[in-house]
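Contents: one structure, followed by commentary.
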Amino acid sequence: MVKNRAKSTPLALGAKGVAILIILLAGMRLSELIPVTRSAGGSSQNWRLEIYVSVLLVICSVWIYKNRAEAAAKLAALDKLVGIIFCSLIGFTIWSTLSAIWAHSWAPVLIHSLTWLTFIAVLVYSIILFRTKKGLSAVVTASLIAASITAILSLVDFYQVTDPNHAWLIRVKYARLAECFLTLSPLLCVWALYVRRRPAIVAVVIGWLLSWLVVMLSTSKGAFLAGIIGHLVLFFGCILLTRYPIRRKMAVLAGLWLAFTVITQIAHATLSPLPTTTQFISGEADPTRETSVMRIFTWQVGWQMAAGHPLIGVGANNFGINFNPTRTVYHQTHTGPSDEIAEHYFPERAHNEFLQIVAELGVIGGLLFASVFAVFLILLFRNLRSNRFRISPLLWASLAGMAAFFASSFVSSFSFRIIQNGAFFFIVFALAISEVDKMQRQKSTIGKNWPIRLLIGSVVGAAAAMVLFGMRGYADLQIRKADSISRLAKAMPFYSSATFFDPENFFVHHRMGIRYASEGQFAAGALSIRKMIDKGGGTTLNYSVMAEYLANAGQYKPANDAFAEAVTIYPNSVFLRVRYAVYLEERGQQAEADVNMEHAINVNSKQANGWYLLLKGDSAKRGVETEAEWTEVLQPIDARKYYQSLREIKGADPSLKRYTY
């Protein structure tokens, strides 16, 4: 039965509320750029982002509580299909939580589930916000401010970084920001149609172009192409399926966007020594295509992981922990490239959000996730037919932003794994739901009970997320305290506290292992490195360090087992094969040493001979002493990194976090 639209109670932010909301939303995007001292062994996931979003939602919860009757009325007027969308999201989150039963580690599962509870809260609050006077304008204003400040900072960084070899600094810093702005850019573009005064129009257009500039200056290939897809969806949709005045204006904006994109690429190539995004895409700036090769290999291992656990997956957020065991299975069934790929990286994420969801949560999790957007598409097309396929520019903007985000998610390691990116996606998704819901005058509404349940769940989820991410921030402080204490016995209680409050952080075990070894406690050091590896921190270098510590502790069989385990995961690693051969030579096992050395030579003879000389300490006899000379002898893509790492292991504490992929 079709019911009349529920009566909506007026709900307004007020001038003060709008100002506060603008500051909070802009701060959510800019908080990542604020320099805050963190421990070198801090969690691989930046807790600052998560705790900021959860605190923001708790603040919103207070406002919602004060206006709970009006907020519930806004939700009650939604179409029943929107209720199914929320059911699918809740089902996905519950399934994520249940995966703790079979996951290797429960702590990452909890992080994943609370992150998605946070996204649900963002969606609920954003729908209420967009049905509130000045709510949408506050979101757009905050986005324009964040885009302008970020663009200025990126231009400053481009001016300061002049060495092409350091271009990766820009990519690491701004790639995750690009995904947020490519999602928001279509909305900022369309907003120019909704402001009336010419100065405001100019300001909005400038802010939109600056947001697109951030995407281009990030030099992220995936973000750049995804942003192009999003803008093409926006322009074609508005030009083909809107009224004539809007078509004409959008055609002008499309021409402006195209000119700005081309001019920026030309200016970048002409004025800056750093490579442009188009040069990265063409391969001119990266002829080895190392990151592309790594992505393809990660996808192949990811598919192997999904095939091995097709129904339920390996557990939410457990992709990195299961990567090396799956890599072993992959090598047994596939003949990959002759050299080992990414043996010095921590592949924590799949670089394909949809593949990672299936690998972690199986077909069941994948279907629950897909049903969220399948129901939305049903709602969209049902209303499109009744409106003769004429939809508002705001809806086109939200659809374009979502399309860009999904396109980026096919190649990105960020996507929903970075809480701010996911939060802004769900803000745009909320706008799409609100605009679709406006298209039909009469509909079957969501009812009275669902709004209260959604509001209660959102408040509880936001509060729980704030507690969890606050604990991770506290763990980071404990690591910093431990690092500042010279005596290990006094530092250990702080390290133990850090592992209690942030059990998924494997870097703290690395720091403990190094400090144990520095005081001659090699067995304890090897045990800590083992814990790091088991939590997803396995690399050829870490296996080598663990084996070396075991050998120094007189535990030769466990050391040999560590090398044997490592070569099953990285069978074509020249460094690891040579390191194992040298170890076997020192134990008098020459036949086994020759087997590993021969394998290394077959992969790359120059690298194998170079590593052998370096590890045996014969470089002075051969007249090869400098790092540049070793780079020429070794000839791996990342020889400089390996050389530096090995040199640091022999001396101070190596910072392995820079190898996170």
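Yes/no matrix, rows are residues, columns are (1) in a loop (DSSP other than H, G, I, E, B); (2) modelled with pLDDT of 90 or more; (3) open to solvent by less than 20 Å² (accessible area, probe 1.4 Å); (4) on the phi > 0 side of the Ramachandran plot:
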position	(1), (2), (3), (4)
ALA316	yes, yes, yes, no
ASN322	no, yes, no, no
THR328	no, yes, no, no
ASP339	yes, no, no, no
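Would a scan of the range 573-580 turn up a residue that is surrounded by fewer than 23 Cβ atoms within 10 Å (Cβ to Cβ) and assigned to a helix (DSSP H, G or I)? Looking through the range 573-580, none of the residues is surrounded by fewer than 23 Cβ atoms within 10 Å (Cβ to Cβ) and assigned to a helix (DSSP H, G or I).
Only helices (runs of 4 or more DSSP H) whose full extent lies in the range 476-547 are considered here, and the ones with at least 3 residues that are over 28 Å from ALA342 (Cα atoms) and modelled with pLDDT of 90 or more are 488-501. Hey, does the range 619-640 have a residue that's assigned to a loop (DSSP other than H, G, I, E, B), at pLDDT 50 or above and loosely packed, with under 14 Cβ neighbours inside 10 Å? Within the range 619-640, not a single residue is assigned to a loop (DSSP other than H, G, I, E, B), at pLDDT 50 or above and loosely packed, with under 14 Cβ neighbours inside 10 Å.
Screening TYR580 with (1) in contact with an Asp or Glu (Cβ under 8 Å, 6 or more places away or on another chain); (2) more than 30 Å from PRO108 (Cβ to Cβ) gives one miss only, at (1).
Residues that are under 27 Å from TRP63 (Cβ atoms), among the β-branched types (Val, Ile, Thr) and in a helix (DSSP H, G or I) occur at least once in the range 203-211. Of the residues making up the range 222-250, not one is more than 23 Å from SER143 (Cα to Cα), part of a helix (DSSP H, G or I) and in contact (Cβ under 8 Å) with a residue 40 or more places away in the chain. Quick check on the range 349-401: of everything there that is surrounded by 18 or more Cβ atoms within 10 Å (Cβ to Cβ), more than 30 Å from SER99 (Cα to Cα) and among the small types (Gly, Ala, Ser), which residue is nearest to the chain's Cα centre (by Cα)? Result: GLY401.
Give the residue that is surrounded by the fewest Cβ atoms within 10 Å (Cβ to Cβ), with candidates limited to residues of the range 265-302 that are β-branched (Val, Ile, Thr), under 28 Å from PHE319 (Cα atoms) and at pLDDT below 75.
Ranking the qualifying residues of the range 265-302, first place goes to THR288.
Could you grab me the full set of residues in the range 50-64 that are of a type outside the set (Ser, Thr, Tyr) and touching a residue at least 40 places away in the same chain (Cβ under 8 Å)?
Across the range 50-64, the qualifying residues are GLU50, ILE51, VAL53, VAL55, LEU57, VAL58, CYS60, TRP63, ILE64.
Within the range 404-429, residues that are among the basic types (Lys, Arg) sit with their Cβ atoms under 9 Å from residues that are open to solvent by 10 Å² or more (accessible area, probe 1.4 Å) and in a loop (DSSP other than H, G, I, E, B), at 6+ positions apart or across chains, in these pairs: ARG417/GLN45; ARG417/ASN317; ARG417/GLU348; ARG417/ARG349.
Residues that are in contact with a strand residue (DSSP E or B) (Cβ under 9 Å, 6 or more places away or on another chain), outside any helix (DSSP H, G or I) and among the aliphatic types (A, V, I, L, M) occur at least once in the range 435-454. Within the range 71-87, being open to solvent by less than 10 Å² (accessible area, probe 1.4 Å) and part of a helix (DSSP H, G or I) holds for ALA71, LEU75, VAL82, GLY83, ILE85, PHE86.
The values are calculated or read from the model by the stated rules, or taken from the named source; none is laboratory data. Computed from a prediction, not measured in an experiment: that's the story for all the values here. Here the Cβ is made from the backbone with ideal geometry for all residues, glycine too, and neighbour counts use every protein chain on show. Ligands, DNA and RNA are excluded from the accessible area calculation, which covers all protein heavy atoms including side chains. Shrake-Rupley method; radii C 1.70, N 1.55, O 1.52, S 1.80 Å.
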